[in-house]
C-alpha cells in the first residue's frame, strides 16, 4: 500500500464515529491530514465519546453510511487521497447472516470496486475472527480459505478476505492492505456496550460491584483465568494505521496484534491496579451455548508486518490499562 504523493487531498475514513475509526480520524486530523468522515449520522450525535475524541478537530465533511457509495461513485479520484474503511458491524453475537453479508461483505466489496475504478489506495479492517478456533494458527501468510470462522461475524470478514485475494484481484485498487485486528481495547468503545473489551467490562464491574467476573476454564490443562488473548491498545493500532497510511506497505492482509498473548487474569489484575483497588475475582461458568466456540488462546504472528517495515514496541496491558483509566475516568459521571 503506497499513499498518493499529493498530501493536500482529503482521506475518507469510514466508521468515523466508531471505536477505531474515530480514533484514527482524529489522529489524522491532528497530523494535518484532511478527513472526510463516513458513518451513520446519528452516531456522531449520540455517542458521548465523539466530542472528547475529536475535540476541536472537525472533519471537513460528514457523509451518511448509506449515502456514501453513491457519493463516492460520483467523485473524481483526482480529488481524494484514498479510503480507510473501518466501518462494519462488529457484533460477534449477531446471527443475521443476511445483514452481516450486506454490511460487512457486500459493502466492503463495493468500496473496493470504487477504489479500483477511481484509482484510490485502500486500507480496510478485517478481523482475527477469521482464524476460527486457532487450529490452523494465527498466521497471516496462510491463504484464508484454510480457516473456519466460529460465528457469522467472522464468516462475513472471512468471505471478504477470500474474495479480495481471489476475484477482487481482477480489478483491484492501485495499492491496498487489510488488517486483522486482534483484541483491541481503549478509550472510545463505551458505545459498544456488551461488545466493548473485557478491560472496559472489568472497569465497570469493579466500580459497580467491587469485583471482576471471569469465565472458569472448561479445558483440561488450562487453569481458571489462564485463557489468553492478544490484547492490543487502540493507540497502538492507530499508530500503525497512521504510519502505514503515510509511509506505505506492500499489498496484502496483515495481522495487527502485539504478538504476545496475555491471560484474562493478567488483564483483571491490570484493571484493579489502574483503579488502585484490592483484587477480587469471581470465576463463573462459561455459558453452555458458547463453550463449543470459545477460544482459549489467540496470538498474532507479526513477522509479515515487521518485514513490511513496521517494527515497533507495543503497550503492555498494565500500561494500557493505566492510560485507558486515566482518560476514561474523566468521562464518567462518577467513578466510585
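One line per residue, one yes/no per condition, for (1) touching a strand residue (DSSP E or B) at 6+ places or on another chain (Cβ under 6 Å); (2) in a helix (DSSP H, G or I); (3) without any contact (Cβ under 8 Å) to a residue 60 or more places away in the chain; (4) more than 13 Å from residue 182 (Cα to Cα):
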{"site": "199", "(1), (2), (3), (4)": "yes, yes, no, yes"}
{"site": "223", "(1), (2), (3), (4)": "no, no, yes, yes"}
{"site": "237", "(1), (2), (3), (4)": "yes, yes, no, no"}
{"site": "245", "(1), (2), (3), (4)": "no, yes, no, yes"}
{"site": "249", "(1), (2), (3), (4)": "yes, no, no, yes"}
{"site": "265", "(1), (2), (3), (4)": "no, yes, yes, yes"}
{"site": "286", "(1), (2), (3), (4)": "yes, no, no, yes"}
{"site": "305", "(1), (2), (3), (4)": "yes, yes, no, yes"}
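Restricting 228, 312 to residues that are loosely packed, with under 15 Cβ neighbours inside 10 Å and closer than 22 Å to residue 126 by Cβ narrows the list to 312.
Residue by residue, here is whether (1) surrounded by fewer than 16 Cβ atoms within 10 Å (Cβ to Cβ); (2) touching a strand residue (DSSP E or B) at 6+ places or on another chain (Cβ under 9 Å) holds:
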residue	(1), (2)
38	no, yes
46	yes, no
49	no, no
53	no, no
62	yes, yes
66	yes, no
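Under the condition of being free of Cβ contacts under 8 Å to residues at least 60 places away in the same chain, surrounded by fewer than 21 Cβ atoms within 10 Å (Cβ to Cβ) and touching a helix residue (DSSP H, G or I) at 6+ places or on another chain (Cβ under 8 Å), the residues counted in region 156-167 number 3. Please indicate, with yes or no, whether at least one residue in region 202-220 is in the same structural domain as residue 280 (by TED's automatic domain parsing), without any contact (Cβ under 8 Å) to a residue 60 or more places away in the chain, farther than 30 Å from residue 33 by Cα and in a loop (DSSP other than H, G, I, E, B). Yes: region 202-220 contains one or more residues that are in the same structural domain as residue 280 (by TED's automatic domain parsing), without any contact (Cβ under 8 Å) to a residue 60 or more places away in the chain, farther than 30 Å from residue 33 by Cα and in a loop (DSSP other than H, G, I, E, B). Name the one entry in 278, 318 that is farther than 25 Å from residue 153 by Cα and in a helix (DSSP H, G or I). Criteria check complete, one pass: 318. Free of Cβ contacts under 8 Å to residues at least 60 places away in the same chain, surrounded by fewer than 16 Cβ atoms within 10 Å (Cβ to Cβ), touching a helix residue (DSSP H, G or I) at 6+ places or on another chain (Cβ under 9 Å) and in the same structural domain as residue 243 (by TED's automatic domain parsing): does that describe residue 135? Considered against the rule, which asks whether it is free of Cβ contacts under 8 Å to residues at least 60 places away in the same chain, surrounded by fewer than 16 Cβ atoms within 10 Å (Cβ to Cβ), touching a helix residue (DSSP H, G or I) at 6+ places or on another chain (Cβ under 9 Å) and in the same structural domain as residue 243 (by TED's automatic domain parsing), residue 135 comes out as no.
Being under 20 Å from residue 236 (Cα atoms), surrounded by 14 or more Cβ atoms within 10 Å (Cβ to Cβ), touching a strand residue (DSSP E or B) at 6+ places or on another chain (Cβ under 7 Å) and at pLDDT 90 or above is a property that holds for residue 87.
The values are calculated or read from the model by the stated rules, or taken from the named source; none is laboratory data. This structure is a prediction, so every number in the text was calculated from the model and none was measured. With ideal geometry, Cβ positions are generated from the backbone for all residues, glycine too; neighbour counts draw on all protein chains shown.
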